[in-house]
Amino acid sequence: MKRRKAPVLTASSRHASARSRLGAKRRRPLVAQAGRRGEHGLPVTHEAPPGSGHGGIKRLEWRAPTSSLADELTRSRNSFSETVESIRNLIAPGIKVRTNTVATSLNVKSTPELVILLADLGADIIRISQYGFSAYADGGDTLFVEPAEMQRAHDAVRKIAEQYPLLDIFVPRGAPRAASEEERTRAWQNRAVCSAGRYGFVVLSDGKVVLCDELPPSGFWIVGDLSRQSIMDVWNSPHIDALLRPRRSSFKETACFRCEQFDSCHENKGRCFRDAWKAFGTFNAPAPSCPKAPASRRLM
Ligand code: SF4
């Protein structure tokens, strides 16, 4: 298994003092989310629009075309007016604006209205993505859009698009499609190498170490403690080794136990145990994106 000789350390922001204690610099926002203030830089002001180059705002998340609906969805007062203002202030100095809106059962009916508003504001690219199944959907979600509803929005926007020939608009149609077995296998083979423990680890504010920022900061998942150990002691610890090269016998009753690729899976790109834990509640389970993982409501 390829591992870096020294780890890349990530300071987790889940604990308040982590960044300042470890001297981590705050990164500039790549995505501004409409309705969130301060951290994401909205509203974008007329005096100081962000640059459009590296580190600047690349796209705007937009929730709804009316003030009441936008404020309700973002749970932020004035999010609508601030987003409109932000778009105007981005477009004025010539910055291209691309928006993305997730269509849910709450806002899908307003999709045509939204597209007209954004087109009239001067957006260059408008993307509507459908609220979809994740690996962890439990089936009780009321935000899913009925396929017929999505199709209606698609058809209405197609007509609107005829009036804006230069605009790049995409609205999905109908029901989201589950990936085929072949697509899932290809995606699994082409998955990125899991960096957790191979390239680095995450240091929490109290010095405890986990392998991924999204894992619970307690118990089984703590692989070291920098208040008592050196970085290299943690990095070379048997604990990390045990997570990266787990025993097959601890996977009984799962697809991994019978998997002929068990060793190569862990030796090469790795199995995302964060997703395994999120999907199945345990470290000892396949990554949900593996084609051998139990079927569930997901597109992975
Ligand atoms: S995650 Fe998939 S490929 Fe990897 S060991 Fe488990 S079943 Fe096999």
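The values are calculated or read from the model by the stated rules, or taken from the named source; none is laboratory data. These numbers come from a predicted model, not from an experiment. Counting neighbours? That spans all protein chains shown, and the Cβs are built from the backbone with ideal geometry, glycine included.
The condition of being at pLDDT 85 or above and in a loop (DSSP other than H, G, I, E, B) holds for only one of ALA123, ALA153, that being ALA123. The residue list VAL115, VAL145, VAL202 contains one member that is buried (at least 19 other Cβ atoms within 10 Å of the Cβ), out of contact with any Phe, Trp or Tyr (no Cβ under 7 Å at 6 or more places or on another chain) and not in a strand (DSSP E or B), which is VAL115.
Look at the stretch 80-96: where a residue is within 11 Å of ALA123 (Cβ to Cβ) and a partner is surrounded by fewer than 20 Cβ atoms within 10 Å (Cβ to Cβ) and modelled with pLDDT of 85 or more, sitting 6+ places away or on another chain with Cβ atoms under 6 Å, you get ILE87/LEU121; ILE91/GLY122; LYS96/ASP124.
Here is a check on your reading of the model: is ALA279 hydrophobic (A, V, I, L, M, F, W, C), modelled with pLDDT under 95 and out of contact with any helix residue (DSSP H, G or I) (no Cβ under 6 Å at 6 or more places or on another chain)? Taking the combined requirement at face value, the residue satisfies it. One residue is enough: does the stretch 239-251 have a residue meeting the conditions surrounded by 14 or more Cβ atoms within 10 Å (Cβ to Cβ), touching a helix residue (DSSP H, G or I) at 6+ places or on another chain (Cβ under 8 Å) and in contact (Cβ under 8 Å) with a residue 60 or more places away in the chain? Yes, the stretch 239-251 contains at least one residue that is surrounded by 14 or more Cβ atoms within 10 Å (Cβ to Cβ), touching a helix residue (DSSP H, G or I) at 6+ places or on another chain (Cβ under 8 Å) and in contact (Cβ under 8 Å) with a residue 60 or more places away in the chain. Please verify whether CYS259 is within 27 Å of the chain's Cα centre (by Cα), within 16 Å of the ligand (Cβ to nearest atom) and surrounded by 12 or more Cβ atoms within 10 Å (Cβ to Cβ), treating the condition exactly as stated. The answer is no for CYS259. Within the stretch 267-293, residues that are under 15 Å from TRP188 (Cα atoms) have Cβ atoms under 7 Å from residues that are assigned to a loop (DSSP other than H, G, I, E, B) and of a type in the set (D, E, K, R) in these pairs: LYS269/ARG191; GLY270/ARG198; PRO286/ARG271; PRO286/LYS292; ALA287/ARG271; PRO288/ARG298; SER289/ARG191, counting only partners at least 6 apart in sequence or on another chain. In the set ARG198, ARG191, only one residue is in contact (Cβ under 8 Å) with a residue 12 or more places away in the chain and within 14 Å of the ligand (Cβ to nearest atom); that residue is ARG191.
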